[in-house]
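Laboratory data are not the source of any read-out in this text; all were calculated from the coordinates shown. Quick caveat, the model's predicted, so the values are computed rather than measured. Cβ sites come from the backbone with ideal geometry, for glycine too, and all protein chains shown count toward neighbours.
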Amino acid sequence: MQYWYDQQVRRYILQFIKLFDDFSIQVGKKNNSDSQSFVRVPVRYADMQRMVAHILRHNSENVMNSCPFMSAYITNLQIARDRLQEPRLVDKVQVSERKFDTTSKNYTAEIGNTYTVERFMPVPYNLNMAVDLWCSNTDQKLQIMEQILVLFNPAIELQANDNPLDWTNITNVELIDIVWNSRAVPQGTDTQLDVATLTFSLPIWLNPPAKVKKQSIIKQIIARVNSTDSIDDLDYDPRFINFFENFPGQIRTNIVTPENAQISVVGNQISLLGAYGTNDNESWKEYLEIYGQLQAGISKLILRQSDDPEDSASDVFGTLAFHPTDNNKLLFTIDSSTLPNNTEAAVDKIIDPETSFPQPFANGTLPAVVDGQRYLLVNDIAKGTQAWGSTFEASANDIIQYDGSQAKWTINFDASEINAIKYVTNTNTGAQFKWTGTQWIDSYQGQYKNGFWKLELAP
């Protein structure tokens, strides 16, 4: 077996020590003040090297470590036979990474290399840790002990690392024993330290190295069918001449998705619709099980914004996760970098000017006017409305802006004169909107027909 070391036990020890890294005790009041003074209680690993211990003592054996402090150390490590699993089990997980552009030195929105990770069955162990509380008096011990005891009730969850492929990174730290004090250290006529010992149990797993394989799989097949005025332009088998004669007219492209399903995108939720765009409360899990595995935070949904199903230049995508309670919905986290660039300055809010108007007017629902304040209107502002200025008027879909230098509202975006596609973000909600030439719509939310949405799953 080749040399391999992943520092797994070391990471468990470090994470365990961090649990006790932020406790403090009260030591009185600050000079000439009524505010309380607190001292942070340090924690260290007790099994330190002799050289390190000598440095902490300032190269002298006549210096004692200051109190209070905590020391953590391993008391026992045993194999957990009650948690043993099939040792020959191999679990395979498919992961993908973003494609890296060597020219720009940035990751793109496209799928890059795909890998298969073979995870082998880990070995279960029970790790027992002890924490000694070194105090100079009982009050110090009571303060520290009370903070720790309410934290462990009787256990807390600990995450050893943030690797999404590590199926053993979550464990529990359980308080199993308390020794209130020990008067054995030091001995003789020296001033004794009050030492309490807390014992904890951690059910851990030690993983063997995983095997990572690069995949070369087909993710998408595009069959191009071109229009033609004559079948003579086609390279076809003459035996099927009758077939073509029975279908007069041009050949056209037919867009197909599994079961011809459609989807509805509303907010951060993706609803599964039938082939006719109706919601029959179909289950995403049942729909996906024959196509691949959805990995939360990794699997992607691609929304095609172009009218051309093969035009991916303006695609919007994000990651997916199963809805915790609704099988018909997926949770969607949009990648904001894929949204179109805004063409208009952001608006502060989308408002109905007939019911919302700025202070100081009576029943004002908007803040006081400031220079640069911008609103998108859903209704008209009639001339003579005092809240917006007696001479100011605007129409629905306009964007208005307050000019502080002239102390009046102006139309910054005149919807009646703009037919081109425009984009703007509502800072109040963070949502982006698209001007179609006739109305404002959400830039990506809506209903997507078959062929205009795609899932990237693990096979």
TODO: Could you pull out every residue, at least 5 positions away or on a different chain, whose amide H is within less than 5 Å of the one on VAL41? Hs are placed 1.01 Å off N in the peptide plane, and Pro or chain starts have none.
DONE: PHE23, SER24, ILE25
Task: Net charge, LEU89 excluded, C-beta distance under 15 Å - Lys, Arg +1, Asp, Glu -1 - done: +2
Task: Size of charge dipole - the stretch 281-412 - debye, nearest 20, with Cβ of Lys, Arg +1 and Asp, Glu -1, no other charges - done: 480 debye
TODO: State which entries of LYS105/LYS454; LYS105/LYS349; LYS422/LYS449; LYS92/LYS285; LYS300/LYS449 exceed 25 angstrom in Cα-Cα distance in the structure shown.
DONE: LYS105/LYS454; LYS105/LYS349
TODO: Using amide H atoms built 1.01 Å from N in the peptide plane, name the residues 5+ places from ALA80, or on other chains, whose amide H lies under 5 Å from its own.
DONE: TYR125, ASN126
Open item on the list: Can you tell me, using C-alpha contacts under 8 Å and at least 6 residues apart, the relative contact order of the stretch 116-188 as a whole percent?
Closed with: 19 percent
Open item on the list: Contact order normalised by length for the stretch 349-443, with contacts defined as Cα pairs under 8 Å and 6 or more residues apart; what percent is it?
Closed with: 19 percent
TODO: Can you check what the net charge comes to around GLN36, using other residues whose Cβ is under 15 Å from the Cβ of GLN36 (Lys, Arg +1; Asp, Glu -1)?
DONE: +1
TODO: Order the peptides 318-325, 2-9 from the highest to the lowest mean number of other Cβ atoms within 10 Å of their residues.
DONE: 318-325, 2-9
Task: Net charge, GLU118 excluded, C-beta distance under 9 Å - Lys, Arg +1, Asp, Glu -1 - done: +3
Open item on the list: Just to check I understand the Karplus step: with θ = phi - 60° and J = 6.51 cos²θ - 1.76 cosθ + 1.60, what whole-Hz values come out for the stretch 117-124, glycine and proline as x?
Closed with: 9, 9, 9, 9, 4, x, 9, x
Open item on the list: Is there a quick way to get the dipole size of the stretch 349-443? I mean about its Cα centre, with the Cβ of Lys and Arg at +1 and of Asp and Glu at -1; what is the value in debye to the nearest 20?
Closed with: 160 debye
Task: Dipole of the stretch 348-459, positive end: most advanced residue of SER416, GLN373, TRP435 [Cβ charges, Cα centre] - done: TRP435
Task: Using θ = phi - 60° and Karplus 6.51 cos²θ - 1.76 cosθ + 1.60, couplings along the stretch 268-275 (whole Hz; Gly, Pro as x) - done: 9, 10, 10, 9, 8, 10, x, 5
